[in-house]
Every structure is written in structure tokens, then in C-alpha cells.
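Everything below concerns the one structure shown next.
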Amino acid sequence: MSVRVRFAPSPTGWLHIGGARTALYNFLFARKHGGKFILRIEDTDRSRSTEEAIKAIIDDMKWLGLFWDEGPEVGGPYGPYRQIERTELYQQAVQKLVSSGAAYYCFCTPEELEKMRSEALAQKKSFRYPRKCRALSDAEVNERLKRGEKAAVRFKTPLEGKLIVRDIVRGEVEFDLGQLDDFVIARSDRTPTYNLAVVVDDALMKITHVIRGDDHLSNTPKQILIYRALGFPVPEFAHLSMILGPDKKPLSKRHGATAIFEFRNQGYLPEAMVNYLALLGWSYDDKTTFFTPEELIEKFELSRVSANPAVFDFQKLQWLNGVWIRTLKHEELKQRLIPLVERAYRDFRTDDPNLDKLLELTRERMKTLSEFVDWTYFYFTGEDNFQLDETDKEKVFSGEDVFKILRAAYEKLAAVENWSKEEIENALRRLVDELGVKPKKVFQPVRLACTGRLVSPPLFESLEVLGRERTLNRIKKFLTLSP
């Protein structure tokens with residue numbers, strides 16, 4: 001059997017962490033077994049689906065390196081790959097189910113259904129459709145349809161029995177068919193519901209394994225019933241656990257970034273994101289955390305995916321991203337940084353002679369690419385826009401003899417003839433010895449005056465890159481703040 005899997009997002013918003021992990025597991029499973037990875041857009045909800053969301057999902061998938069074998073922009077033998085273009089296929093399936101007696105027309109109006117729900121609520125019962133239209137005769141159905149009455153189509157669920165879902169991740173899960181509703185498979189406007197459309201699409205696209213979030217587990221018995229009624233082979237299922245935030249509650253915006261584009265903008269590497277996403281529910285052993293995409297393909301197995309919820313650890317992702325940053329060669333890292341610096345600083349030039357030096361000063365410190373922009377604020381910011389961090393300024397101003405020490409530092413630095421990190425360090429350390437103070441009493445005010453922060457790349461190297469003129473001018477400007 002040739003493995004065929006799919007990722008089928010609804011384009012109603014951004015690609016989030018949970019969806020990205022689902023896409024990744026499908027991708028890895030397909031590549032591991034030499035199969036096909038299909039991207040299908042489930043856009044039947046026209047009120048919420050947007051072209052912008054489709055483009056964003058596609059862009060994020062490409063950024064992650066999850067390239068599909070069939071789908072939008074690629075095509076394939078089982079297209080089209082957008083549900084909105086597959087309407088006729090769904091209508092044919094509905095007609096087949098009705099003709100075979102596996103489904104029936106329901107003429108109950110929204111108002112009637114709402115009244116039933118209210119009555120059930122008043123009796124403190126959960127609402128299930130009472131199958132009012134299930135026993136209508138063919139003659140009555142035809143007559144009402146001829147009169148133009150609107151009707152949804154419901155699947156005729158068995159009134160009793162058990163259905164066992166054999167899930168690769170969760171094992172055997174048993175469902176009581178007597179507890180299932182006669183669920184709608186086509187609305188009164190003839191648009192298909194999710195359960196009908198997904199079965200038709202997966203069957204006609206010959207999907208062999210359905211790997212998706214466990215929020216769909218409750219839909220699985222309904223879908224298996226549809227597979228059987230249409231005479232389609234039932235695929236294997238693997239339902240992935242939900243992703244929790246650090247507080248063990250479902251991951252959401254209150255925890256921080258949850259959409260892939262947010263992590264892109266914050267300077268995370270796609271290799272690090274893929275590496276970390278793979279670890280949200282899967283493990284190769286108890287020790288290894290660093291995996292290249294090639295290693296993930298080689299080692300990934302659904303049998304090693306846990307049924308327990310995964311906790312998204314922002315700090316671990318940041319640490320892992322820093323590890324990945326340091327694996328990149330200098331030139332490759334520079335090329336990835338340039339777009340971020342260009343967006344941050346209007347006057348940035350890619351041929352800046354100090355760019356390479358700044359990169360070497362910061363690469364061991366960076367946990368995200370965007371931190372390079374923060375670390376190098378002192379260099380790329382023009383003098384008119386240069387600002388001191390207010391909190392850091394208060395800390396330095398509260399010290400004794402700050403301006404006296406800074407004036408002395410200015411004089412020492414102004415006397416440096418060979419503007420190099422060695423000579424800069426020698427000058428400032430001589431001042432420390434002459435004043436008989438701790439080094440930070442000299443270094444902190446100089447650092448704040450020249451970089452705007454009390455935390456910066458190495459001080460002497462930073463002053464070397466900044467240059468004599470800008471260094472002295474910034475100290476001089478700082479001295480004007482003296483009370």
C-alpha cells in the first residue's frame with residue numbers, strides 16, 4: 001500500500017502551532033514511507049474563508065519546508081484541491097446516500113429545531129434531533145420537495161450497536177451508536193457539512209492515513225459510517241493530543257505567540273520551529289532534542305507519538321532556536337539577518353563594513369534573529385533618534401560621581417590614538433586603577449552613554465565598531481544631562 005496523507009486546513013485565519021504540528025507529522029510520515037503528502041483547502045465555509053488566509057497558510061507551509069506533492073500551485077491527479085471547487089462531487093455522494101436509504105430529507109425549520117432545543121434545555125436534557133422526518137414516506141418527501149420546501153439531509157444513524165475506532169495513537173476507542181444523532185450531511189442550501197465533505201475528499205484522494213487533532217475524534221464514528229454507506233475503504237486514523245500552555249491549559253493567545261507568522265516575525269528559524277514542533281508529542285529517546293529535518297524523516301514513527309497532551313515551552317523553543325542559530329555558517333546567518341535589519345533601520349546598507357564584526361559580537365548571544373536588531377541598536381540608530389533606556393538611566397544616575405567619572409572617561413578615550421578594542425580597554429582600565437573604583441563604576445556609564453543600554457555586546461568591541469567620533473559625541477551628549 002502506498003501511503004497517502006493530507007493536511008486540510010480551513011482558511012479562516014492564520015496557521016497556528018497545532019495545525020503546523022499536524023501538517024509536520026503528516027509530512028514526516030509521508031516522507032518516511034516514500035508516500036505522498038497532499039495539501040487540501042477546506043473552504044466550504046464561505047462566510048469565514050478568505051483568499052488572504054489561504055495565501056498566508058501556503059506561505060507558512062513553504063517557510064517551514066513542508067512542501068506538498070499534490071495540492072494548490074502543484075495540482076495532481078485527484079484535484080481540484082479546494083472544497084469550493086468540488087461541490088458536484090458532494091452532491092453526487094448525498095444523492096447516493098439518499099437513494100440507498102442511508103440518509104433522508106429533513107424538513108424541520110430552524111425555528112422548529114430551536115424550539116426542540118429550548119424544550120430539551122428546560123427539561124435539563126442534552127438535545128438530540130428526535131428523528132421526526134426519518135419515517136416520512138417517499139411520496140410525502142417528493143411532494144414536499146416539489147412544493148419547494150427547503151430540506152437538509154441527515155444521515156440515518158443506527159439506533160443501537162457499538163463502533164470501535166482503532167486509533168494508531170490512542171488504541172481502541174469504543175462508541176455507542178445509540179448515542180449518536182442523525183447528523184446533517186447537507187444543509188438546506190445543498191452545501192455539504194464537514195463530515196460529508198471530508199469523507200468524500202479523503203476517499204476520492206485515496207488517503208490511507210488520517211492524522212489530525214483529537215478534537216476530531218468524536219467525528220470519527222460518524223465518518224466511518226459514511227465511508228461504509230458509500231462503499232469506500234476506511235483509512236487508518238491517528239488522533240494527536242492537544243497542545244497546552246505552560247499553565248497546562250489549552251494553548252491560546254494569552255500565553256503568547258501561537259501563529260507561525262508571529263514566530264517568523266520574532267526571528268525564529270524554520271529549522272528550529274520544525275525541530276521543536278516535532279517534539280510536541282513525539283520523542284525518539286529520552287535525551288535527544290536536536291534533529292535536522294533529514295533526521296526527523298529518518299526517525300519519525302507514529303508509534304512513538306504520545307496520547308498525552310504536549311506542553312508548549314516558549315523558553316525551550318528559544319533555547320533550541322539559539323542552538324540552531326549557532327549551527328549556521330557566518331554568511332548564511334548574515335543573509336537571514338539582513339531582511340530583519342532592513343525593516344528595522346531605514347538607513348541600513350547591506351555593504352556596511354562593520355556588519356560582519358557585529359554579527360560575530362552577537363551570534364553567541366542570540367536566541368532569535370530579532371535579538372540582533374536589539375543588540376545592534378547602538379550602531380544602526382542615527383544620532384538624532386538615539387535614546388537611552390529610561391530604566392537603565394535611572395540606575396546609573398543614582399550612582400555617586402557618575403558624571404565626574406564619565407568626564408574622566410571621555411578624556412581618556414579622546415587621547416586614544418589607535419582606535420582599537422585593545423587600546424580602548426587599556427585606556428578605561430587605567431582609569432579604573434587611577435580612580436581606585438570597581439570596573440563597573442567606569443564601564444556602566446560608558447556603556448549606557450554609547451549603547452543606550454546597560455546590557456550590550458562586549459563593551460570595548462562595541463566602541464571600536466561605533467568609532468571614535470560617535471563614541472565621544474555620545475559621551476559628550478550624555479554629560480549635558482548632568483544636573
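The values are calculated or read from the model by the stated rules, or taken from the named source; none is laboratory data. Remember, it's a predicted structure, so these values are computed and weren't measured experimentally. Don't worry about glycine lacking a Cβ; one is built from the backbone with ideal geometry, like all the others, and counts go over all protein chains shown.
Only one of these conditions is not met by Lys440: (1) of a type outside the set (S, T, N, Q); (2) within 20 Å of Thr381 (Cα to Cα); (3) without any contact (Cβ under 8 Å) to a residue 12 or more places away in the chain. Which number is it? Here Lys440 meets the rest and fails (2).
Is it the case, given these coordinates, that Ser126 is more than 29 Å from Leu277 (Cβ to Cβ) and modelled with pLDDT under 95?
In short, yes.
The condition (being without any contact (Cβ under 8 Å) to a residue 60 or more places away in the chain and of a type in the set (A, V, I, L, M, F, W, C)) is satisfied by just one residue among Leu163, Leu145: Leu145. Among the residues of segment 363-372, the one identified as under 20 Å from Leu448 (Cα atoms), surrounded by fewer than 20 Cβ atoms within 10 Å (Cβ to Cβ) and in contact with a helix residue (DSSP H, G or I) (Cβ under 7 Å, 6 or more places away or on another chain) is Arg365.
Among the candidates Leu454, Leu463, the residue that is under 24 Å from Gln387 (Cα atoms), outside any helix (DSSP H, G or I) and either touching a helix residue (DSSP H, G or I) at 6+ places or on another chain (Cβ under 7 Å) or not assigned by TED's automatic domain parsing to the domain that holds Leu355 (or both) is uniquely Leu454.
So in segment 136-158, with the set limited to residues that are in a loop (DSSP other than H, G, I, E, B) and surrounded by 11 or more Cβ atoms within 10 Å (Cβ to Cβ), which one is farthest from the chain's Cα centre (by Cα)?
Leu136
When segment 329-380 is examined, which residues are found to be assigned to a loop (DSSP other than H, G, I, E, B), charged (D, E, K, R) and touching a residue at least 60 places away in the same chain (Cβ under 8 Å)? The one that is assigned to a loop (DSSP other than H, G, I, E, B), charged (D, E, K, R) and touching a residue at least 60 places away in the same chain (Cβ under 8 Å): Arg365.
For segment 247-254, the condition of being at positive phi, in a loop (DSSP other than H, G, I, E, B) and assigned by TED's automatic domain parsing to the domain that holds Thr368 holds for none of the residues. Scanning segment 231-245 for residues that are in a loop (DSSP other than H, G, I, E, B) and hydrophobic (A, V, I, L, M, F, W, C) turns up Phe232, Val234, Met242.
Go through segment 67-105 and count every residue that is outside any loop (DSSP other than H, G, I, E, B) and of a type outside the set (S, T, N, Q).
Number of matching residues: 17.
Within segment 109-142, being under 15 Å from Asp181 (Cα atoms) and either of a type in the set (Asp, Glu) or touching a residue at least 24 places away in the same chain (Cβ under 8 Å) (or both) holds for Arg128, Tyr129, Arg131, Lys132, Cys133, Arg134. Filtering segment 184-199 to residues that are farther than 22 Å from Asp167 by Cβ and touching a residue at least 60 places away in the same chain (Cβ under 8 Å) leaves Val184, Ile185, Ala186, Arg190, Thr191, Pro192. Whenever a residue of segment 208-219 is over 21 Å from Leu28 (Cα atoms), its partners that are part of a strand (DSSP E or B), lying with C-beta atoms within less than 8 angstrom and at least six residues away or across chains, give the pairs Leu217/Val165; Leu217/Asp167; Leu217/Val173; Leu217/His239. The test for being surrounded by 11 or more Cβ atoms within 10 Å (Cβ to Cβ), under 28 Å from the mean Cα position of the chain (by Cα) and in a helix (DSSP H, G or I) holds for Lys316. Looking at segment 70-80, can you tell me whether even one residue there is under 39 Å from the mean Cα position of the chain (by Cα), aliphatic (A, V, I, L, M) and assigned by TED's automatic domain parsing to the domain that holds Asp182? Scanning segment 70-80 turns up no residue that is under 39 Å from the mean Cα position of the chain (by Cα), aliphatic (A, V, I, L, M) and assigned by TED's automatic domain parsing to the domain that holds Asp182.
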